[in-house]
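Inspection log for the structure reproduced underneath, given as structure tokens.
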Amino acid sequence: MSVQAQREAPRHPTQGNSHPTCMRLAAVTLLVTSLAGWAGVNVASAAQEKKKRPPRVVISGTVFKESGFSLPGASIRVRRAGERKARWEAMSDRQGEFGLWVPQGAEYEVHVKAKGYEEQTQKVDGKSSLHERLVFHMKPATGEKKP
């Protein structure tokens, strides 16, 4: 075959490694295998981190108005007993419910505040249980109208 005939002869799509489809396939394969290896390492390290973490306690509850209806938007702050600064915060949802994870092995104070209501505090023993369910019945602040 002459050189000119070779140039004009149609190439088979799978012939040679320089075909665009082959190059894309090789690039995608390389990307997928490298991501799979990276994800496997991260999953393993996340599992090891989980094992190192101390057990946690769920503090959940519901905040109610004096009328018995739920109170959305109440501010919940949790701190270890004896500490001044709250370390965990949440806000009650539309049903007045909230939930937080805290490390097991300590006593906690749960403070609830809402505009127009007196602040309330309850203590939680995070040493003996894994889930503490609280109920707060908020009372209107003195000198203010009921919201």
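The numbers here are math on the coordinates, done by the rules we state, and not lab data. Note that the structure is a prediction, hence the values are computed from the model and not measured. Here Cβ is always computed from backbone atoms with ideal geometry, including for glycine, and neighbour counts include all displayed protein chains.
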Under the Karplus relation with 6.51, -1.76 and 1.60 and θ = phi - 60°, whole-Hz ³J(HN,Hα) for the range 75-85, x at Gly and Pro, equal 8, 10, 10, 10, 9, 5, 4, x, 8, 8, 9
Dividing the mean separation of Cα pairs under 8 Å (6+ apart) by the residue count of the range 56-137 yields a relative contact order in percent of 38
When LYS113, LYS139, LYS85 are arranged by how many other beta-carbons sit within 10 Å of their Cβ, fewest first, they go LYS85, LYS139, LYS113
Once amide hydrogens are built 1.01 Å from N within the peptide plane, the residues lying 5 or more places from TYR117 or on another chain with amide H under 5 Å from its amide H are ALA141
Counting only residues 5 or more apart in sequence or on a different chain, those whose built amide H sits under 5 Å from that of ARG87 are VAL78, ARG79, ARG80
A chain fully extended from GLU118 to ARG87 at 0.36 nm per residue, minus the present Cα-Cα distance, gains in nm 9.0 nm
For PHE69, PHE64, PHE98, ascending order of other Cβ atoms within 10 Å (fewest first) is PHE69, PHE64, PHE98
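Fully extended, how many nm does the chain gain between LEU130 and GLU66 (0.36 nm per residue separation, minus their Cα-Cα distance)?
Working: separation 64, 0.36 × 64 = 23.04 nm, distance 2.91 nm.
Extending this stretch completely gives an extra 20.1 nm.
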A correct Karplus calculation of ³J(HN,Hα) over the range 92-107, with 6.51 cos²θ - 1.76 cosθ + 1.60, θ = phi - 60°, whole Hz and x for Gly and Pro, returns 5, 7, 4, 8, x, 9, 8, x, 9, 9, 9, x, 6, x, 9, 9
Given backbone amide H placed at 1.01 Å from N, residues whose amide H is under 5 Å from that of VAL57, ignoring those fewer than 5 places away on the same chain, are VAL102, GLN104
Links exceeding 20 Å between C-alpha atoms in this model, out of LYS115/LYS139; LYS52/LYS85; LYS113/LYS139; LYS52/LYS123, come to LYS52/LYS85; LYS52/LYS123
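At a 10 Å Cβ-Cβ cut-off, how would you order MET91, MET138, fewest neighbours first?
MET91, MET138
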Net charge near GLY61 (other residues with Cβ under 10 Å of its Cβ; Lys, Arg +1; Asp, Glu -1) is -1
